[in-house]
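These notes concern the structure reproduced below.
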Amino acid sequence: MRRACLLLAGLVAAPLSVFAQTMDFNKVEILTEQLGPNVYMLTGSSGLDPSHEDGAGGRIGVLAGPDGVLMIDSQYAQLADKVLAAVRRIDSGPIRYLVNTHIHRDHTAGNAFFAKQGAVIFAREELRDSMVKLSHAPNASSNPVANPAGFPVVTYGMGDPVRIRMNNEVVQFIPIRAAHTSGDTNIKFEKANVLFIGDFYRNYGYPFIDINNGGSLKGMLEGLDATMKSADANTRIIPGHGTIIKRDDIIPYRDMIIAVTDKVGGMIAQGKSLEDVLAAKVTAPYDAKTAGGTDSSAERFVTAVYQELKSGRGR
Ligand SMILES: [Zn+2]
(Lines give C-alpha, C1' and ligand atoms only; values in the text may rest on other atoms or scores of the structure.)
Protein backbone atom coordinates (compact mmCIF):
# COMPACT_ATOMS: atom_id res chain seq x y z
CA MET A 1 0.00 0.00 0.00
CA ARG A 2 2.76 2.38 1.00
CA ARG A 3 4.60 1.49 -2.20
CA ALA A 4 1.50 2.23 -4.25
CA CYS A 5 1.12 5.62 -2.57
CA LEU A 6 4.72 6.51 -3.27
CA LEU A 7 4.33 5.45 -6.89
CA LEU A 8 1.24 7.56 -7.27
CA ALA A 9 2.96 10.50 -5.62
CA GLY A 10 5.86 9.92 -8.00
CA LEU A 11 3.61 10.41 -10.99
CA VAL A 12 2.09 13.67 -9.95
CA ALA A 13 4.16 15.38 -7.29
CA ALA A 14 7.56 13.73 -7.11
CA PRO A 15 10.00 16.61 -7.17
CA LEU A 16 9.08 18.17 -3.92
CA SER A 17 8.83 15.75 -1.09
CA VAL A 18 10.36 12.41 -1.99
CA PHE A 19 13.59 13.45 -3.66
CA ALA A 20 14.32 16.82 -2.12
CA GLN A 21 15.46 15.15 1.07
CA THR A 22 18.20 13.24 -0.69
CA MET A 23 20.16 16.29 -1.82
CA ASP A 24 23.21 17.64 -0.02
CA PHE A 25 22.15 21.16 0.91
CA ASN A 26 25.61 21.95 2.29
CA LYS A 27 27.07 21.89 -1.20
CA VAL A 28 24.56 24.32 -2.69
CA GLU A 29 25.76 27.81 -3.51
CA ILE A 30 23.39 30.69 -4.23
CA LEU A 31 24.41 32.47 -7.43
CA THR A 32 23.33 36.10 -7.99
CA GLU A 33 22.66 37.72 -11.35
CA GLN A 34 21.71 41.37 -11.79
CA LEU A 35 18.78 41.96 -14.16
CA GLY A 36 18.33 45.72 -13.83
CA PRO A 37 19.61 48.67 -11.77
CA ASN A 38 18.05 47.18 -8.61
CA VAL A 39 16.52 43.83 -9.66
CA TYR A 40 18.34 40.53 -9.15
CA MET A 41 17.75 36.82 -9.43
CA LEU A 42 19.21 34.19 -7.11
CA THR A 43 19.67 30.64 -8.38
CA GLY A 44 20.93 27.52 -6.57
CA SER A 45 23.98 25.88 -8.09
CA SER A 46 23.49 23.06 -10.60
CA GLY A 47 24.03 19.31 -10.38
CA LEU A 48 22.91 18.86 -6.76
CA ASP A 49 19.11 18.84 -6.71
CA PRO A 50 17.79 15.57 -8.19
CA SER A 51 14.49 17.30 -8.97
CA HIS A 52 16.15 20.28 -10.68
CA GLU A 53 19.56 19.34 -12.05
CA ASP A 54 19.85 22.75 -13.71
CA GLY A 55 19.75 24.67 -10.43
CA ALA A 56 19.01 23.67 -6.84
CA GLY A 57 15.54 24.64 -5.66
CA GLY A 58 13.35 27.45 -6.97
CA ARG A 59 14.65 30.74 -8.28
CA ILE A 60 14.34 33.88 -6.13
CA GLY A 61 13.81 37.47 -7.23
CA VAL A 62 15.10 40.48 -5.27
CA LEU A 63 14.27 44.20 -5.57
CA ALA A 64 16.70 46.24 -3.48
CA GLY A 65 17.14 49.93 -2.63
CA PRO A 66 16.61 52.67 -0.05
CA ASP A 67 12.99 51.63 0.61
CA GLY A 68 14.07 48.13 1.63
CA VAL A 69 14.03 44.72 0.01
CA LEU A 70 11.22 42.85 -1.74
CA MET A 71 11.74 39.13 -2.38
CA ILE A 72 10.02 36.67 -4.72
CA ASP A 73 9.91 33.17 -3.17
CA SER A 74 11.95 31.73 -0.33
CA GLN A 75 13.59 28.45 -1.47
CA TYR A 76 14.01 25.22 0.52
CA ALA A 77 14.13 25.91 4.27
CA GLN A 78 17.59 24.30 4.44
CA LEU A 79 18.98 27.04 2.17
CA ALA A 80 17.46 30.03 4.01
CA ASP A 81 20.74 31.11 5.67
CA LYS A 82 22.55 31.05 2.34
CA VAL A 83 19.75 32.97 0.63
CA LEU A 84 19.84 35.60 3.37
CA ALA A 85 23.62 35.90 2.96
CA ALA A 86 23.14 36.36 -0.81
CA VAL A 87 20.51 39.07 -0.22
CA ARG A 88 22.84 40.77 2.26
CA ARG A 89 25.61 40.88 -0.35
CA ILE A 90 23.17 42.96 -2.45
CA ASP A 91 21.62 45.17 0.25
CA SER A 92 21.73 45.52 4.02
CA GLY A 93 18.29 47.12 4.38
CA PRO A 94 15.17 45.57 5.90
CA ILE A 95 13.47 42.72 4.03
CA ARG A 96 9.95 44.17 3.91
CA TYR A 97 7.93 42.05 1.50
CA LEU A 98 7.99 38.46 0.28
CA VAL A 99 5.61 37.19 -2.42
CA ASN A 100 5.16 33.51 -3.34
CA THR A 101 4.72 32.46 -6.98
CA HIS A 102 3.12 29.15 -5.81
CA ILE A 103 3.06 26.72 -2.89
CA HIS A 104 5.79 24.19 -3.77
CA ARG A 105 8.39 23.83 -1.06
CA ASP A 106 11.32 24.84 -3.24
CA HIS A 107 9.56 28.25 -3.41
CA THR A 108 7.95 28.63 0.03
CA ALA A 109 9.67 26.48 2.67
CA GLY A 110 11.89 29.41 3.72
CA ASN A 111 8.85 31.64 4.39
CA ALA A 112 8.93 31.33 8.20
CA PHE A 113 12.63 32.22 8.23
CA PHE A 114 12.07 35.40 6.21
CA ALA A 115 8.93 36.33 8.17
CA LYS A 116 11.21 36.28 11.20
CA GLN A 117 13.50 38.73 9.39
CA GLY A 118 10.49 41.06 9.23
CA ALA A 119 9.05 40.27 5.77
CA VAL A 120 5.29 40.60 5.26
CA ILE A 121 4.28 37.64 3.08
CA PHE A 122 1.91 38.11 0.14
CA ALA A 123 0.25 35.33 -1.86
CA ARG A 124 -2.97 34.15 -3.41
CA GLU A 125 -5.76 33.20 -1.03
CA GLU A 126 -5.74 29.71 -2.62
CA LEU A 127 -2.08 29.26 -1.72
CA ARG A 128 -2.74 30.16 1.91
CA ASP A 129 -5.74 27.81 2.01
CA SER A 130 -3.54 24.97 0.76
CA MET A 131 -0.92 25.72 3.44
CA VAL A 132 -3.59 25.74 6.15
CA LYS A 133 -4.81 22.37 4.86
CA LEU A 134 -1.25 20.99 5.02
CA SER A 135 -0.96 22.18 8.62
CA HIS A 136 -3.78 19.78 9.54
CA ALA A 137 -2.10 16.77 7.86
CA PRO A 138 -0.49 14.06 10.02
CA ASN A 139 3.07 14.94 8.95
CA ALA A 140 2.60 18.71 9.43
CA SER A 141 5.27 19.09 12.11
CA SER A 142 8.01 17.90 9.72
CA ASN A 143 6.76 19.97 6.77
CA PRO A 144 8.14 23.53 6.66
CA VAL A 145 5.42 24.58 4.19
CA ALA A 146 2.83 23.72 6.88
CA ASN A 147 4.46 26.00 9.47
CA PRO A 148 1.93 28.75 10.32
CA ALA A 149 4.82 31.18 10.90
CA GLY A 150 5.35 31.12 7.13
CA PHE A 151 1.75 31.56 6.04
CA PRO A 152 0.95 34.58 3.84
CA VAL A 153 -0.35 37.56 5.80
CA VAL A 154 -1.78 39.52 2.86
CA THR A 155 -3.80 37.51 0.34
CA TYR A 156 -5.57 38.37 -2.90
CA GLY A 157 -7.80 36.73 -5.51
CA MET A 158 -8.15 36.81 -9.29
CA GLY A 159 -8.85 40.55 -9.62
CA ASP A 160 -6.54 43.42 -10.50
CA PRO A 161 -2.84 42.97 -9.75
CA VAL A 162 -1.55 44.04 -6.33
CA ARG A 163 0.86 46.94 -6.85
CA ILE A 164 3.78 47.74 -4.57
CA ARG A 165 5.60 51.01 -5.15
CA MET A 166 9.11 51.14 -3.74
CA ASN A 167 12.67 51.84 -4.83
CA ASN A 168 11.45 53.87 -7.82
CA GLU A 169 9.83 50.70 -9.20
CA VAL A 170 6.24 49.49 -9.57
CA VAL A 171 5.93 45.81 -8.75
CA GLN A 172 2.79 44.01 -9.89
CA PHE A 173 1.61 40.73 -8.36
CA ILE A 174 -0.47 39.37 -11.25
CA PRO A 175 -2.85 36.52 -10.34
CA ILE A 176 -2.85 33.60 -12.78
CA ARG A 177 -5.80 31.22 -13.03
CA ALA A 178 -5.08 27.71 -11.65
CA ALA A 179 -2.17 26.64 -13.89
CA HIS A 180 0.83 24.96 -12.24
CA THR A 181 -1.10 25.07 -8.92
CA SER A 182 -4.30 26.76 -7.72
CA GLY A 183 -2.45 29.79 -6.32
CA ASP A 184 -0.08 30.98 -9.04
CA THR A 185 1.17 34.59 -9.33
CA ASN A 186 3.38 36.32 -11.92
CA ILE A 187 5.46 39.21 -10.61
CA LYS A 188 6.33 42.07 -12.92
CA PHE A 189 8.85 44.86 -12.38
CA GLU A 190 7.46 47.55 -14.67
CA LYS A 191 10.50 49.79 -15.02
CA ALA A 192 13.11 47.02 -15.21
CA ASN A 193 10.75 45.20 -17.63
CA VAL A 194 11.37 41.87 -15.90
CA LEU A 195 8.66 39.27 -15.29
CA PHE A 196 9.03 36.37 -12.83
CA ILE A 197 6.59 33.58 -13.71
CA GLY A 198 7.11 30.72 -11.26
CA ASP A 199 6.79 27.21 -12.65
CA PHE A 200 3.90 27.05 -15.07
CA TYR A 201 6.33 27.54 -17.91
CA ARG A 202 9.53 25.51 -17.85
CA ASN A 203 12.28 24.86 -20.34
CA TYR A 204 13.85 22.12 -18.27
CA GLY A 205 11.64 19.06 -18.67
CA TYR A 206 7.98 19.02 -19.73
CA PRO A 207 5.21 21.18 -18.20
CA PHE A 208 4.13 20.29 -14.67
CA ILE A 209 0.40 20.57 -14.10
CA ASP A 210 0.16 19.77 -10.38
CA ILE A 211 -3.45 18.60 -10.24
CA ASN A 212 -3.07 17.56 -6.58
CA ASN A 213 -2.35 21.20 -5.75
CA GLY A 214 -5.17 22.55 -7.90
CA GLY A 215 -3.27 23.05 -11.18
CA SER A 216 -5.16 22.62 -14.44
CA LEU A 217 -4.54 22.24 -18.16
CA LYS A 218 -6.99 25.00 -18.97
CA GLY A 219 -5.36 27.35 -16.47
CA MET A 220 -1.93 26.54 -17.83
CA LEU A 221 -2.96 27.61 -21.34
CA GLU A 222 -4.73 30.71 -19.99
CA GLY A 223 -1.70 31.52 -17.86
CA LEU A 224 0.59 31.34 -20.88
CA ASP A 225 -1.73 33.72 -22.78
CA ALA A 226 -1.84 36.09 -19.80
CA THR A 227 1.95 36.01 -19.55
CA MET A 228 2.35 36.89 -23.23
CA LYS A 229 -0.09 39.80 -22.71
CA SER A 230 1.82 41.24 -19.77
CA ALA A 231 5.15 41.12 -21.64
CA ASP A 232 6.49 42.96 -24.67
CA ALA A 233 9.12 41.70 -27.11
CA ASN A 234 11.94 42.95 -24.85
CA THR A 235 10.65 41.74 -21.46
CA ARG A 236 13.00 39.33 -19.73
CA ILE A 237 10.86 36.48 -18.46
CA ILE A 238 12.31 34.50 -15.55
CA PRO A 239 10.95 30.98 -14.97
CA GLY A 240 11.26 29.36 -11.53
CA HIS A 241 13.73 26.88 -13.08
CA GLY A 242 15.70 26.86 -16.34
CA THR A 243 16.89 29.73 -18.49
CA ILE A 244 15.61 33.28 -19.03
CA ILE A 245 13.20 33.55 -21.96
CA LYS A 246 11.45 36.14 -24.13
CA ARG A 247 7.75 36.41 -24.86
CA ASP A 248 7.94 34.64 -28.20
CA ASP A 249 9.58 31.57 -26.62
CA ILE A 250 6.18 30.85 -25.07
CA ILE A 251 4.51 30.33 -28.46
CA PRO A 252 6.11 26.96 -29.39
CA TYR A 253 5.67 25.81 -25.78
CA ARG A 254 1.96 26.57 -25.90
CA ASP A 255 1.66 24.95 -29.33
CA MET A 256 3.38 21.81 -27.98
CA ILE A 257 0.88 21.59 -25.07
CA ILE A 258 -2.03 21.96 -27.48
CA ALA A 259 -0.61 19.37 -29.92
CA VAL A 260 -0.01 16.83 -27.13
CA THR A 261 -3.48 17.54 -25.72
CA ASP A 262 -5.06 16.92 -29.12
CA LYS A 263 -3.16 13.63 -29.54
CA VAL A 264 -4.11 12.43 -26.05
CA GLY A 265 -7.72 13.52 -26.65
CA GLY A 266 -7.81 11.52 -29.88
CA MET A 267 -6.54 8.41 -28.11
CA ILE A 268 -9.10 8.82 -25.31
CA ALA A 269 -11.82 9.04 -27.98
CA GLN A 270 -10.53 5.70 -29.33
CA GLY A 271 -10.95 4.19 -25.85
CA LYS A 272 -7.22 4.01 -25.06
CA SER A 273 -6.10 3.66 -21.44
CA LEU A 274 -3.48 5.82 -19.69
CA GLU A 275 -0.98 2.96 -20.15
CA ASP A 276 -1.67 2.93 -23.90
CA VAL A 277 -1.21 6.69 -24.12
CA LEU A 278 2.06 6.62 -22.16
CA ALA A 279 3.35 3.74 -24.31
CA ALA A 280 2.62 5.76 -27.46
CA LYS A 281 5.25 8.38 -26.43
CA VAL A 282 3.21 11.27 -27.79
CA THR A 283 5.87 13.78 -26.75
CA ALA A 284 8.61 12.07 -28.81
CA PRO A 285 8.68 14.78 -31.54
CA TYR A 286 9.59 17.35 -28.86
CA ASP A 287 12.16 15.34 -26.86
CA ALA A 288 15.18 16.62 -28.78
CA LYS A 289 14.24 20.23 -28.01
CA THR A 290 13.33 19.61 -24.35
CA ALA A 291 16.24 19.71 -21.95
CA GLY A 292 16.44 17.75 -18.75
CA GLY A 293 14.69 14.78 -17.14
CA THR A 294 12.64 14.15 -20.24
CA ASP A 295 11.29 10.65 -19.59
CA SER A 296 9.91 11.21 -16.12
CA SER A 297 8.62 14.71 -16.79
CA ALA A 298 7.01 13.62 -20.08
CA GLU A 299 5.20 10.84 -18.23
CA ARG A 300 4.06 13.25 -15.51
CA PHE A 301 2.88 15.79 -18.11
CA VAL A 302 1.02 13.30 -20.31
CA THR A 303 -0.58 11.69 -17.24
CA ALA A 304 -1.89 15.09 -16.10
CA VAL A 305 -3.23 15.90 -19.58
CA TYR A 306 -4.92 12.49 -19.71
CA GLN A 307 -6.49 12.99 -16.27
CA GLU A 308 -7.69 16.49 -17.15
CA LEU A 309 -9.29 15.37 -20.42
CA LYS A 310 -10.72 12.20 -18.91
CA SER A 311 -12.34 14.19 -16.09
CA GLY A 312 -14.04 16.43 -18.63
CA ARG A 313 -12.17 19.59 -17.55
CA GLY A 314 -10.47 19.65 -20.95
CA ARG A 315 -8.88 22.72 -22.42
ZN1 LIG B 1 6.67 24.35 -8.66
Candidate set: region 213-244, residues that are more than 17 Å from K188 (Cα to Cα) and small (G, A, S); chosen: the one nearest to the ligand (Cβ to nearest atom): G215
Just one of L31, L42 is part of a strand (DSSP E or B), surrounded by fewer than 20 Cβ atoms within 10 Å (Cβ to Cβ) and modelled with pLDDT of 95 or more; which is it? L31
Taking region 19-51 as the search range and keeping residues that are under 23 Å from L98 (Cα atoms) and either of a type in the set (S, T, Y) or within 14 Å of the chain's Cα centre (by Cα) (or both), which one is nearest to the ligand (Cβ to nearest atom)? T43
Single residue of V260, V277 found to be of a type in the set (A, V, I, L, M), under 17 Å from R202 (Cα atoms) and open to solvent by less than 50 Å² (accessible area, probe 1.4 Å): V260
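Tally time: how many residues in region 171-207 are among the hydrophobic types (A, V, I, L, M, F, W, C) and within 16 Å of the ligand (Cβ to nearest atom)? Quick ask: steps written out before the conclusion?
We begin by selecting, within region 171-207, every residue among the hydrophobic types (A, V, I, L, M, F, W, C); these are 171, 173-174, 176, 178-179, 187, 189, 192, 194-197, 200.
Now narrow it down to the ones that are within 16 Å of the ligand (Cβ to nearest atom): 176, 178-179, 187, 196-197, 200.
The total comes to 7.
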Quick one: how many residues across region 268-315 are without any contact (Cβ under 8 Å) to a residue 60 or more places away in the chain, over 20 Å from I251 (Cα atoms) and among the aliphatic types (A, V, I, L, M)? 7
Restricting the first residue to region 229-243 and requiring it to be of a type in the set (S, T, N, Q), which pairs with a second residue that is in a strand (DSSP E or B) and open to solvent by less than 10 Å² (accessible area, probe 1.4 Å) meet a Cβ separation below 9 Å and a spacing of at least six or different chains? S230/N186; S230/L195; T235/V194; T235/L195
Which of the residues that make up region 227-244 are of a type in the set (A, V, I, L, M, F, W, C) and surrounded by fewer than 20 Cβ atoms within 10 Å (Cβ to Cβ)? M228, A233, I244
Against the definition (buried (at least 23 other Cβ atoms within 10 Å of the Cβ) and either over 22 Å from S216 (Cα atoms) or out of contact with any Asp or Glu (no Cβ under 7 Å at 6 or more places or on another chain) (or both)), how does A109 come out, yes or no? yes
D54 vs. criteria open to solvent by 10 Å² or more (accessible area, probe 1.4 Å), touching a residue at least 12 places away in the same chain (Cβ under 8 Å) and under 18 Å from the mean Cα position of the chain (by Cα): yes
Would it be correct to say that L134 is free of Cβ contacts under 8 Å to residues at least 60 places away in the same chain, outside any loop (DSSP other than H, G, I, E, B) and within 16 Å of the ligand (Cβ to nearest atom)? yes
Contact list please: Cβ distance under 9 Å, first residue in region 147-162 and closer than 11 Å to N100 by Cα, second residue open to solvent by 40 Å² or more (accessible area, probe 1.4 Å) and among the charged types (D, E, K, R), pairs at least six apart or on different chains. F151/R128; P152/E125; P152/R128; T155/E125; T155/E126; T155/R128; T155/D129
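The rows are residues; the columns are (1) more than 16 Å from the ligand (Cβ to nearest atom); (2) buried (at least 24 other Cβ atoms within 10 Å of the Cβ).
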| site | (1), (2) |
| --- | --- |
| G61 | no, no |
| V69 | yes, yes |
| A80 | yes, no |
| V99 | no, yes |
| H102 | no, yes |
| N139 | yes, no |
Among the numbered criteria (1) of a type in the set (A, V, I, L, M, F, W, C); (2) closer than 24 Å to S51 by Cα; (3) surrounded by fewer than 15 Cβ atoms within 10 Å (Cβ to Cβ), which one does A269 miss? (2)
Here are some residues: R128, R165. Which one is assigned to a strand (DSSP E or B) and open to solvent by 50 Å² or more (accessible area, probe 1.4 Å)? R165
Taking the criterion of being of a type outside the set (A, V, I, L, M), over 27 Å from D129 (Cβ atoms) and assigned to a strand (DSSP E or B), would at least one residue in region 292-299 satisfy it? no
Take F113 and tell me if it is over 21 Å from G214 (Cβ atoms) and away from the ligand (no atom under 16 Å from the Cβ). yes
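The values are calculated or read from the model by the stated rules, or taken from the named source; none is laboratory data. Values in this document were obtained by computation on a predicted structure and should not be read as measured data. A quick note on method: Cβ atoms are made from the backbone with ideal geometry, for glycine too, and the neighbour counts reach across all protein chains shown. Just so you know, the surface numbers come from the protein's heavy atoms only, side chains and all, with ligands and any DNA or RNA stripped out. Shrake-Rupley method; radii C 1.70, N 1.55, O 1.52, S 1.80 Å.
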